[in-house]
1. For B:85-91, what's the mean count of beta carbons from other chains sitting within 10 Å of each residue's beta carbon?
2. Taking the highest mean first, how do the peptides A:170-181, B:50-61 order by number of other beta carbon atoms within 10 angstrom per residue?
3. Calculate the tail of P(r) for the protein assembly as shown: the fraction of all Cα-Cα distances greater than 31 Å, expressed in %.
4. Taking loop as defined by DSSP and a crowding limit of 11 other beta carbons within 10 Å, which GluC sites (Glu not before Pro) in region A:88-188 fit?
5. Identify all lysines with a Cα-Cα distance to B:LYS57 below 19 Å; exclude those on the same chain that are fewer than 8 residues away in sequence.
6. Is region B:108-176 best put as rounded, prolate or oblate by its Cα gyration tensor, with a ≥ b ≥ c the root eigenvalues, rounded for a/c under 1.5, and otherwise prolate when a/b is larger than b/c, oblate when not?
7. Please turn the phi angles of region A:164-174 into ³J(HN,Hα) values with the Karplus equation 6.51 cos²θ - 1.76 cosθ + 1.60 (θ = phi - 60°), one per residue in order, whole Hz, x for glycine and proline.
8. Taking the Cβ-Cβ separation of A:LEU202 and A:TYR108 as r and a Förster radius of 51 Å, what is the calculated FRET efficiency to the nearest 0.05?
2 protein chains.
Amino acid sequence: MNEHTIINPLLTDGSLFLSNISVDNVIFGYHDKSLKVLLLHPTAIKKWALPGGYIYKDETIENAAIRVAKDRTGLDNLYFKQCKFYSDPNRTKDEEFNTQKLEDMTGYKLGKDHWIFNQHISSCFYTLTDYSKVTPQGDYYASECLWFSINDLPPLMFDHKKMIKDALDILRIHLYHFPVGYELLPEKFTIPEIHSLYETLLNKSLDVRNFTKKLLKVGIVDKLDERKNIGAHRAPFLYKFNKDVYQDALENGMALFI
Amino acid sequence: MNEHTIINPLLTDGSLFLSNISVDNVIFGYHDKSLKVLLLHPTAIKKWALPGGYIYKDETIENAAIRVAKDRTGLDNLYFKQCKFYSDPNRTKDEEFNTQKLEDMTGYKLGKDHWIFNQHISSCFYTLTDYSKVTPQGDYYASECLWFSINDLPPLMFDHKKMIKDALDILRIHLYHFPVGYELLPEKFTIPEIHSLYETLLNKSLDVRNFTKKLLKVGIVDKLDERKNIGAHRAPFLYKFNKDVYQDALENGMALFI
């Protein structure tokens, strides 16, 4: 995807990177009816932050999002979607985040003219993965990296709280137009399993019969001639994503529930 | 909205603007079952272009989009929505667009190191207006400014064709989640009028009874106790947007057709 080795931007003069623009990643994690988001804790700052970084001049912004996620959290193979850009000229003027704090934290002599303190428009991306399958890790800059329930977020720096809210709004709109679930459900799953996924992501109740009818109508799932044994007298049918229809819908959209 | 007077970026050293980032506006125009997009024709270039520009360091990117639209086309009071960002490092390496051409065109001695030739990520916005109500005008850089049918676009420079396609895809998704029409229809309109608007924008047929039922259900239109006389024995009821519901849906979304 890219050939950049991990470097610490604090130790560079910034000339490798595009000026005035950065990326921030909202990495949502789903597992068993629970939706979380991945946050970093910069060592000497009281607030938490989204995993973010800068863009090399020879890479696309999408590849920067993927690289930053990998470098800062260890998460690989994530498929990011663009969200929004954040451009308030005062967006990074956070009282908790200043040169002195950063110097104390890192031990580097940065100075207030260091390029990372320049004005940056942030371009925000989101992705959705199964949080039970990944063990996030911190980096040179943030010792802690943890999953938080989206209903119980810690204090966040800059405009990162708004980014998470906006990404969730966009994810919810996308659920009506693009398929999800391929990496979040077992290869063969029951209707209650995929129904719970959608209810959790949308944070609302969906009539299960209507939901199933729509799912089958758009063709992203196929009903199998096979049942899951989950206890006495309970053996719901299993379903499976139709890979071709799913892939086509990912690229060209679909109209689920519509 | 902003206090910047119109200046010609070609005549500046770029220090007023953010580096490496620009805006491009996809201005859609609707009127009477027809959907168009506004394009500029840079004088000495064979291709057409979206109205775009640079971002002052003290403004937000949304305000830059609004200002650029006003400066370059004379269109005011447009409500822009964010689309996508375009970041291919080679995106502006268009054979039609080079220093010499630009110098010939403008009469300025720019030189190949002029800051406008730096790498720029473009942040793209779209808006939708009534094209019959506006007379677009060119600027210092582009003598022609015209509405084109989205089905009959001229050759476009850089990645502007992709921007229009993507903006249309995003507009179509937004139609299911945000209201449109306030500036595009008369204050009192018939069902055929609003139905044509949606069919034109979505480029597909919508069952008129189902469409009307959904519209009334989400509450963005109210049926009036008044008819429009459009000929012998034909007097359809008039409808009107419910301003409060419309405004709330603009801010918080809704689920039309869902």
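The values are calculated or read from the model by the stated rules, or taken from the named source; none is laboratory data. This is a predicted model, so every value here is computed, not measured. Methodologically, a virtual Cβ is constructed for each residue, glycine included, from the backbone with ideal geometry; neighbour enumeration extends over all protein chains shown. The area values use the complete protein model at the heavy-atom level, side chains included, leaving out ligands, DNA and RNA. Shrake-Rupley method; radii C 1.70, N 1.55, O 1.52, S 1.80 Å.
1. Details: counts 12, 2, 12, 4, 7, 2, 1.
Going residue by residue through B:85-91 and averaging, the value is 6.
2. On the way: A:170-181: 18.7, B:50-61: 20.7.
Highest-to-lowest ranking by the protection proxy: B:50-61, A:170-181.
3. On the way: 70619 of 132870 pairs.
Every Cα pair in the protein assembly as shown considered, those over 31 Å come to 53 percent.
4. On the way: sites: A:GLU95, A:GLU96, A:GLU103, A:GLU144, A:GLU183, A:GLU187; in loops: A:GLU95, A:GLU96, A:GLU183, A:GLU187.
Those that pass, being in a loop and sparsely packed, are A:GLU95, A:GLU187.
5. Answer for B:LYS57, where 19 Å is the Cα cut-off: A:LYS84, A:LYS93, A:LYS112, B:LYS70, listed by chain and number.
6. Verdict is oblate for region B:108-176.
7. These are the phi-based 3J(HN,Hα) values: 5, 4, 4, 5, 5, 4, 5, 3, 5, 5, 4 Hz.
8. Values: r = 44 Å, r/R0 = 0.87.
Computed FRET efficiency for A:LEU202 and A:TYR108: 0.70.
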